Amino acid sequence: MNNDIYVVIEHVREQVADISYIMLAAARDLAQETGGEVVGILLGQDADGLAGDLAADKVLYGEDPALAEFTSDAYQNALAGLIRENAPRAVFFGSTTIGTDVAGVLSARLGLPLVSSCLKIDDGMIVSQICGGKIMTESNLADTTTLITMIPGGYKPEEGQGGSPEVTPVAVDVADLRVALKEYIEPEVADVDITQEDVLIAIGRGIQTEDNIELAEELAELLGGAVCASRPVVDQGWLPTPRMVGKSGQLVKPKLYLALGISGAPEHVEGMAEAENIIAVNIDPGAPIFDIAKYGAEVDLFDLIDYLLEALEDA
């Protein structure tokens with residue numbers, strides 16, 4: 001086993017995902033403890049150009065037509081061979097639909113330990129956020145290669161950008177695949193593109209009923225923004241899926257993100273952690289959303305909305 005820290009680079013439609021840069025920043029902290037290098041693992045077809053701004057010491061690039069689009073089957077085979085051959089100290093995956101799909105299978109397939117929901121590296125310890133963010137845990141690296149899934153919030157994407165690593169082609173094994181991509185289906189067209197809004201009023205369970213969304217919409221209109229939501233609101237059918245922020249929804253980076261009645265589960269935080277200013281409003285002082293908010297208010301969201309509407313209408 002060597003001391004290098006591997007990072008599996010996620011990319012979709014010729015664009016590197018922000019979680020990849022976040023993982024590179026965390027890997028740098030961990031590599032300082034192990035004394036190894038940060039090594040990006042980039043899989044794809046005609047995708048080597050994506051390595052240009054990765055803050056890694058080097059990038060191992062595996063190319064094959066089967067890797068042109070992500071399938072768990074192809075990634076599992078390719079990564080299993082690289083991990084067996086090189087035995088890195090740790091391998092980072094995004095805590096995303098892509099990363100968790102692959103990491104869990106590889107952990108079982110290779111008999112390697114898996115640490116999930118890593119938020120940051122602190123003095124060589126893997127700090128994880130679990131139980132919806134209500135519990136923080138610390139883990140050491142195991143005596144063998146440790147697989148780690150990473151959530152956003154502990155690092156900013158720009159901390160993992162700005163490199164010019166050497167790209168080394170490597171052979172990958174993608175034989176005997178059982179799954180192939182048939183079609184890439186674009187998400188439905190939204191009435192509002194929340195990814196382009198500078199101001200977002202985000203609502204969660206605390207909004208209580210569908211009728212109360214009208215208050216949030218009125219506030220959004222006065223602030224020149226739009227309403228978005230966490231999964232529970234969308235699951236109720238109160239807002240359409242394109243308005244959902246989170247791991248299985250949209251990634252947003254507004255100048256202002258006003259979170260009303262949102263607890264701050266990791267799945268939601270993944271979609272909004274890079275907002276410029278996060279203001280959290282929740283009656284629960286222990287809500288994880290306060291951990292990433294710049295400002296917070298432990299008040300009833302309806303009392304605050306009424307006050308803000310009155311103040312804005314009088315302005």
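The values are calculated or read from the model by the stated rules, or taken from the named source; none is laboratory data. Just so we're clear, the structure is a prediction, and the values are computed from it rather than from any experiment. Quick reminder, even Gly has a Cβ in these numbers, built from the backbone with ideal geometry, and neighbours come from all protein chains shown.
Looking across the range 163-210 at every residue that is under 28 Å from residue 41 (Cα atoms) and free of Cβ contacts under 8 Å to residues at least 40 places away in the same chain, the one that is farthest from the chain's Cα centre (by Cα) is identified as 182.
Of all residues in the range 135-155, those that are free of Cβ contacts under 8 Å to residues at least 12 places away in the same chain have Cβ atoms under 7 Å from Cβ atoms of residues that are aliphatic (A, V, I, L, M), 6 or more apart or on another chain, in 137/130. Can you tell me which residue is nearest to residue 157 (Cα to Cα) among those in the range 113-130 that are surrounded by fewer than 19 Cβ atoms within 10 Å (Cβ to Cβ) and of a type in the set (A, V, I, L, M)? Filtering the range 113-130 for residues that are surrounded by fewer than 19 Cβ atoms within 10 Å (Cβ to Cβ) and of a type in the set (A, V, I, L, M), the one nearest to residue 157 (Cα to Cα) comes out as 127. Taken over the range 1-12, the residue count meeting the criterion of being in a loop (DSSP other than H, G, I, E, B) and touching a residue at least 60 places away in the same chain (Cβ under 8 Å) is 5.
Would a scan of the range 263-270 turn up a residue that is out of contact with any Gly (no Cβ under 7 Å at 6 or more places or on another chain) and either of a type outside the set (Asp, Glu) or surrounded by fewer than 18 Cβ atoms within 10 Å (Cβ to Cβ) (or both)? Taking every residue of the range 263-270 in turn, none turns out to be out of contact with any Gly (no Cβ under 7 Å at 6 or more places or on another chain) and either of a type outside the set (Asp, Glu) or surrounded by fewer than 18 Cβ atoms within 10 Å (Cβ to Cβ) (or both). For residue 169, the conditions (1) in contact with a strand residue (DSSP E or B) (Cβ under 9 Å, 6 or more places away or on another chain); (2) over 26 Å from residue 100 (Cβ atoms); (3) at pLDDT below 95 all hold with the exception of (3).
Filtering the range 256-290 to residues that are under 20 Å from residue 17 (Cβ atoms), in contact with a Leu (Cβ under 9 Å, 6 or more places away or on another chain) and assigned to a loop (DSSP other than H, G, I, E, B) leaves 274, 275, 276. For the range 15-53, a tally of residues being assigned to a loop (DSSP other than H, G, I, E, B) and in contact with a helix residue (DSSP H, G or I) (Cβ under 7 Å, 6 or more places away or on another chain) returns 2.
From the list 41, 83, 9, which one is farther than 19 Å from residue 162 by Cα, at pLDDT 95 or above and of a type in the set (Val, Ile, Thr)?
83
Scanning the range 151-189 for residues that are among the hydroxyl-bearing types (Ser, Thr, Tyr) and over 30 Å from residue 123 (Cα atoms), we see that the one that is surrounded by the fewest Cβ atoms within 10 Å (Cβ to Cβ) is 184.
Could you list, in sequence order, all residues of the range 172-205 that are part of a helix (DSSP H, G or I) and touching a strand residue (DSSP E or B) at 6+ places or on another chain (Cβ under 6 Å)? Those that are part of a helix (DSSP H, G or I) and touching a strand residue (DSSP E or B) at 6+ places or on another chain (Cβ under 6 Å): 194, 195.
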